Ligand SMILES: [Zn+2]
């Protein structure tokens with residue numbers, strides 16, 4: 001299942017997809033049954049099957065129920081439960097998250113590992129390769145990648161369409177460059193498949209809207225309170241990307257005009273108040289002691305007044321921003337995720353209060369505030385959704401080359 005793009009290989013790929021789709025739908029089938037259902041010629045089908053078996057995508061089994069005395073027992077073909085079809089990787093600021101689905105589209109595993117914020121891309125990709133290697137399938141063997149289709153990658157920052165703006169990489173590292181992101185180049189070298197790239201928080205919004213707290217929601221607002229503050233929107237049943245991929249930057253809405261300087265270049269953004277660093281700094285300035293979020297959570301559980309007062313104020317700011325966004329967009333579900341939400345009701349209750357107080361009264365009882373349920377792998381799962389491109393939420397979302405897919409290596413120009 002490699003991806004040269006001539007018309008013949010595309011035709012072949014279509015045939016492979018047809019066969020895999022039938023096995024996904026019907027379970028194990030004999031060659032004869034597959035032949036009846038797929039409509040391909042016997043030669044073509046056997047040819048495609050030989051390739052799928054060789055790549056590890058499909059495995060053969062001898063049916064136990066074959067009637068005796070009627071020739072050879074029937075051999076059936078089935079999807080290999082250990083064959084990874086899609087990998088999602090979230091390159092967050094200080095951690096890496098990976099997840100994989102097999103050909104039956106079941107999540108076969110996920111893994112996470114924290115790292116320093118300044119870890120170079122080469123080492124981040126090495127870490128990703130190691131984490132992918134650690135995933136094991138439902139069977140006994142490790143994940144097999146012979147059937148790998150593509151990798152969906154989330155990165156921090158603005159990811160624009162190459163076609164729209166010539167910016168296939170985050171603005172924070174773009175520096176006027178165009179072309180593929182270093183993660184795309186390095187992952188393609190390692191795995192030899194297309195690498196689709198998008199903003200990691202938008203991918204987390206996608207994951208939560210397909211499998212998580214907002215599953216089935218048609219109008220969803222997702223906010224992540226982590227080292228950065230960002231989000232994503234599902235509007236009218238579609239993941240919203242915005243011109244130049246700029247939708248969902250809720251962390252850079254001004255909440256304190258003339259306030260602290262923000263990494264984005266602005267001042268007084270929500271992120272300067274509600275990011276992990278901002279909250280921990282403010283807690284320490286108020287006399288509290290916490291080196292990280294788990295220690296802050298401990299202080300909250302111990303009833304620390306400074307922590308509760310601080311989170312009350314931060315929650316109020318977040319709730320005000322959500323109320324404004326609600327009035328603009330009209331979501332039915334708001335999902336809040338990220339490490340800071342682990343502080344629990346100390347943060348969530350003031351968010352809810354401020355949302356209630358500031359949203360248009362007519363919307364108050366029509367919007368449901370929920371905590372994210374997919375945890376830290378939401379972005380990696382969103383990357384998988386991007387690759388599979390099956391969710392109706394993506395029906396109007398750009399795919400393939402429009403979505404900052406890495407260009408085909410061109411030997412002439414290198
Ligand atoms: Zn900002």
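The values are calculated or read from the model by the stated rules, or taken from the named source; none is laboratory data. What you are looking at is a predicted structure, and each value in this text was computed from that prediction instead of being measured. Note: ideal-geometry Cβ built from the backbone for every residue, glycine included; neighbour counts use all protein chains shown.
Residue 248 meets each of the listed conditions (1) over 22 Å from residue 375 (Cα atoms); (2) in contact with a strand residue (DSSP E or B) (Cβ under 9 Å, 6 or more places away or on another chain); (3) at pLDDT below 95 apart from (1). Considering every residue within the range 259-277, establish whether at least one is part of a helix (DSSP H, G or I), away from the ligand (no atom under 16 Å from the Cβ) and surrounded by 16 or more Cβ atoms within 10 Å (Cβ to Cβ). No.
Apart from one condition, residue 220 fits all of (1) at pLDDT below 85; (2) touching a strand residue (DSSP E or B) at 6+ places or on another chain (Cβ under 6 Å); the exception is (1). The residue pairs whose first member lies in the range 263-274 and is free of Cβ contacts under 8 Å to residues at least 60 places away in the same chain and under 12 Å from residue 250 (Cβ atoms), whose second member is within 6 Å of the ligand (Cβ to nearest atom) and part of a loop (DSSP other than H, G, I, E, B), and whose beta carbons are closer than 8 Å, counting only pairs six or more residues apart or on different chains, are 269/262; 271/262; 271/264. Figure legend. Inter-residue proximity from the range 379-401: first residues buried (at least 21 other Cβ atoms within 10 Å of the Cβ), second residues modelled with pLDDT under 90 and in a loop (DSSP other than H, G, I, E, B), beta-carbon distance below 9 Å, spacing 6+ or different chains. Indicated pairs: 384/105; 385/391; 386/397; 386/399; 387/149. Counting only residues that are outside any strand (DSSP E or B) and out of contact with any helix residue (DSSP H, G or I) (no Cβ under 9 Å at 6 or more places or on another chain), the range 95-119 holds 4 of them.
Within the range 318-333, identify whether any single residue is in a strand (DSSP E or B), at pLDDT 95 or above and surrounded by 16 or more Cβ atoms within 10 Å (Cβ to Cβ), and answer yes or no. Yes, there is a match, as at least one residue in the range 318-333 is in a strand (DSSP E or B), at pLDDT 95 or above and surrounded by 16 or more Cβ atoms within 10 Å (Cβ to Cβ). In the range 279-301, the count of residues that are under 30 Å from residue 211 (Cα atoms) and within 16 Å of the ligand (Cβ to nearest atom) is one or more.
Summed over the range 319-346, residues that are more than 25 Å from the chain's Cα centre (by Cα) and farther than 24 Å from residue 219 by Cβ total 2. Per the conditions (1) part of a helix (DSSP H, G or I); (2) at pLDDT below 95; (3) closer than 23 Å to residue 235 by Cα; (4) over 15 Å from the mean Cα position of the chain (by Cα), the sole criterion not satisfied by residue 396 is (1). Looking at the range 237-255 only, could you name the residues that are away from the ligand (no atom under 16 Å from the Cβ), assigned to a loop (DSSP other than H, G, I, E, B) and touching a residue at least 12 places away in the same chain (Cβ under 8 Å)? Answer for the range 237-255, where residues must be away from the ligand (no atom under 16 Å from the Cβ), assigned to a loop (DSSP other than H, G, I, E, B) and touching a residue at least 12 places away in the same chain (Cβ under 8 Å): 237, 241.
Right, residue 316: more than 24 Å from the chain's Cα centre (by Cα) and either closer than 19 Å to residue 247 by Cβ or within 16 Å of the ligand (Cβ to nearest atom) (or both) or not? Spelling it out, it is not the case that residue 316 is more than 24 Å from the chain's Cα centre (by Cα) and either closer than 19 Å to residue 247 by Cβ or within 16 Å of the ligand (Cβ to nearest atom) (or both).
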